[in-house]
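Have a look at the structure below, then the notes.
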Amino acid sequence: EAGVAQSPRYKIIEKRQSVAFWCNPISGHATLYWYQQILGQGPKLLIQFQNNGVVDDSQLPKDRFSAERLKGVDSTLKIQPAKLEDSAVYLCASGHSGSDTGNEQFFGPGTRLTVL
Amino acid sequence: RKEVEQDPGPFNVPEGATVAFNCTYSNSASQSFFWYRQDCRKEPKLLMSVYSSGNEDGRFTAQLNRASQYISLLIRDSKLSDSATYLCVVNPPLSDKLIFGTGTRLQVFP
């Protein structure tokens, strides 16, 4: 079974530039999550999708971050404009909603963003 | 108070040692609990779920104490390959989302 795919793996930009990340979840997984992981910290949820609808975006800085999952499969996360403090690894995860296995989430390899 | 708190470590232990990590959570109504493992520069992966009755998987034992709101992970007979960061994860009530602790770093040396 193919895992969660993300691209790019690395991105270096200057502050105030824009950047976009792409995620393709595991086939059949209705739920998709974007996390931000700053060095030395655990992942922090930014946004959760159920199919193509947003379930939770309470932690998403909406003045600069946006995300979409138009067809309920792939998703993109955008930052515009980027700030120095956005330097982090952006992890995408997917899972079955209401699974008997206790909502295990499967993570992609992440995109490591450096803002200069 | 943080929703999930862990000692960041690092814990440096010799091969064969037994090591234990604790984690506390703030929301007493939390439903599910997990330990995830994250290797350096890799993504987190589920290590094990934590059940009220406690559960064991080989050298790993996880326990939950709801009264004191803490979760523990015990690793027996540590291997070099156990070196990683162990993330305590809590699922709050009425939600699919997961809340991660900062992680506890374990380094096993020969």
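Averaged over the residues of B:84-96, the number of partner chain Cβ atoms lying within 10 Å of the residue Cβ comes to 2.
Straight-line cross-link reach from B:LYS2 at under 29 Å between alpha-carbon atoms covers these lysines, not counting any fewer than eight positions away in the same chain: A:LYS44, A:LYS62, A:LYS78, A:LYS83, B:LYS42, B:LYS45, B:LYS97.
Entry note: the protein assembly as shown has Rg to Rh equal to 0.97, where both radii use alpha-carbon atoms and Rh is the Kirkwood radius. Note on segment B:12-81: along the principal axes its Cα atoms extend 37, 25, 20 Å, ordered by decreasing extent. In terms of overall dimensions, the C-alpha atoms belonging to chain A reach 43, 24, 23 Å along their principal axes, ordered largest to smallest. Counted over segment B:43-110 with a bin width of 10 Å, the fraction of Cα pairs per bin, in whole percents, is 17, 50, 28, 5, 0. With all pairs of different C-alpha atoms in the average, the Kirkwood value for the hydrodynamic radius of segment A:1-43 is 12.8 Å. Of all aspartates and glutamates in the structure, those lying under 18 Å Cα to Cα from A:LYS11, and not within fewer than 8 positions of it along the same chain, are A:GLU85, A:ASP86, B:GLU43.
Values quoted throughout were computed directly from the atomic coordinates according to the rules given, and no laboratory measurement underlies them. Not measured: the values here are computed from a predicted model. No Cβ is skipped: glycine too gets one built from the backbone with ideal geometry, and neighbour counts run over all protein chains shown.
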